[in-house]
Each structure stands twice: as C-alpha cells, then as structure tokens.
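Undergrad: Attaching a single structure in structure tokens format; questions to follow.
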Amino acid sequence: MSDDKFYFKLPWALQSRVEILNMLENDITESSWSEYHGFNVLPLGTAPMLTSPHLTELHKRHPFKNMGIIRMDPYTNYDWHTDGVRGVSLNALISDPMARTCCLFRNSHSVTPMRRAHSNFNVTELVYESNAAYLLNVQLDHMVLNLSSKPRYMFSIEFMEDKTKLTYEDLRRESEFAPILNVTTEK
Ligand SMILES: [Fe+2]
C-alpha cells in the first residue's frame with residue numbers, strides 16, 4: 001500500500017523549526033499552554049504565516065481555524081484514533097527529528113471490531129524530516145508515541161472546513177496540481 005494514502009510531504013519547507021523551538025524552550029511559560037483534545041496546545045497567531053507565501057496562499061484557499069503548536073509530554077502515548085472533526089491536518093515537527101518519537105498509521109478499513117483486540121496490524125510510520133511539512137489523513141487510524149525525555153512539539157494547522165467539506169484526498173490533489181502550492185522555496 002502506498003504511503004500516500006496516509007500522508008503527503010509538501011514540496012516546500014516550514015523553514016522556521018529552530019526559531020520556533022528556541023521560542024518554545026526559552027520564552028513560553030507553562031500558563032501559555034491550554035488543553036485541547038488531550039494535548040497541550042499553544043496558538044501561534046499569524047506571525048509564522050507571514051514568512052511563508054505557501055501558508056498565506058493556503059490560508060486564502062482554505063482558511064485556518066487553528067494554527068499552533070501541539071505538545072506531547074515525555075513518555076506518553078496518544079492511543080489509536082481518527083480525528084473527530086478534521087479530515088486533514090498540516091503538520092511539521094518542531095522538536096528534534098532524531099528523538100525517540102513516532103507517528104504511526106494503520107489501514108482502518110482492514111480493522112473490523114472483531115479484529116481490534118489481540119491482533120497484529122501492519123503499520124506505516126510517518127518519519128518526519130527536519131523542516132518538512134506534511135498533510136496527514138487523520139480520518140485513518142493513527143497514534144503517537146513520545147519515548148524521549150523531552151516534549152514532542154508539532155506545528156499543526158486545523159482548517160475551518162471540517163471533514164465533510166475538506167478531505168485529505170482533496171487537499172493532496174490540490175497541493176500536487178495547484179501551482180502556487182508547489183512553488184519551490186527561493187534560495
Ligand atoms: Fe489525531
């Protein structure tokens with residue numbers, strides 16, 4: 001099965017990973033974080049968007065509902081699930097890509113209720129590359145593990161359009177074929 005079913009690496013980079021990580025580690029207090037769907041989240045406003053023509057264009061086409069950082073504490077696991085509202089998310093890893101954290105997908109359609117318990121499943125890992133941005137099919141079963149001693153920080157966008165209006169396949173096709181979203185970053 002192609003990994004494209006689960007995630008798609010966008011042809012442009014976020015570029016500000018280290019700057020955002022420094023901000024999170026040095027300038028942000030615990031009280032800035034709030035709880036959202038079992039994660040700690042930090043809204044980022046629109047500042048990083050201004051530095052990226054790709055995000056600005058994407059926001060015009062598909063307005064963002066939330067853009068921020070999702071924090072997962074050390075030695076925690078977010079169990080198998082599909083997202084309740086989102087059809088697709090845009091993610092980029094901010095914490096160290098070499099840290100022991102992972103995001104796994106499995107094919108929901110092969111997992112009947114009878115097979116959910118006490119079975120082995122084929123899984124696909126999304127191995128985040130530094131500065132790379134990805135679309136994720138969050139309507140397929142996925143889970144996250146943080147086995148490192150540091151928080152796992154993920155830049156993430158939630159779109160105004162929910163899963164009934166914007167699917168992963170829609171946005172992946174648009175990102176493949178819409179010229180502005182394919183602009184390679186200027187050197
Ligand atoms: Fe999720």
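Undergrad: Residue 164 fails exactly one of the following numbered conditions: (1) hydroxyl-bearing (Ser, Thr, Tyr); (2) farther than 23 Å from residue 61 by Cα; (3) not in a strand (DSSP E or B). What is the number of that condition?
TA: Result: residue 164 fails condition (2) only.
Undergrad: Here is a follow-up. Would you mention how many residues in segment 127-148 are closer than 21 Å to residue 76 by Cα and of a type in the set (D, E, K, R)?
TA: Matching residues across segment 127-148 total 1.
Undergrad: Okay, moving on. For segment 130-152: of the residues being more than 13 Å from the ligand (Cβ to nearest atom) and not in a strand (DSSP E or B), which is modelled with the lowest pLDDT?
TA: 131
Undergrad: Within segment 63-94, how many residues are within 10 Å of the ligand (Cβ to nearest atom), surrounded by fewer than 20 Cβ atoms within 10 Å (Cβ to Cβ) and among the β-branched types (Val, Ile, Thr)?
TA: Matching residues across segment 63-94 total 1.
The values are calculated or read from the model by the stated rules, or taken from the named source; none is laboratory data. None of the values given here were measured: they were computed from a predicted structure. All Cβ positions, even for glycine, are placed from backbone atoms using ideal geometry, and neighbour counts span all protein chains on display.
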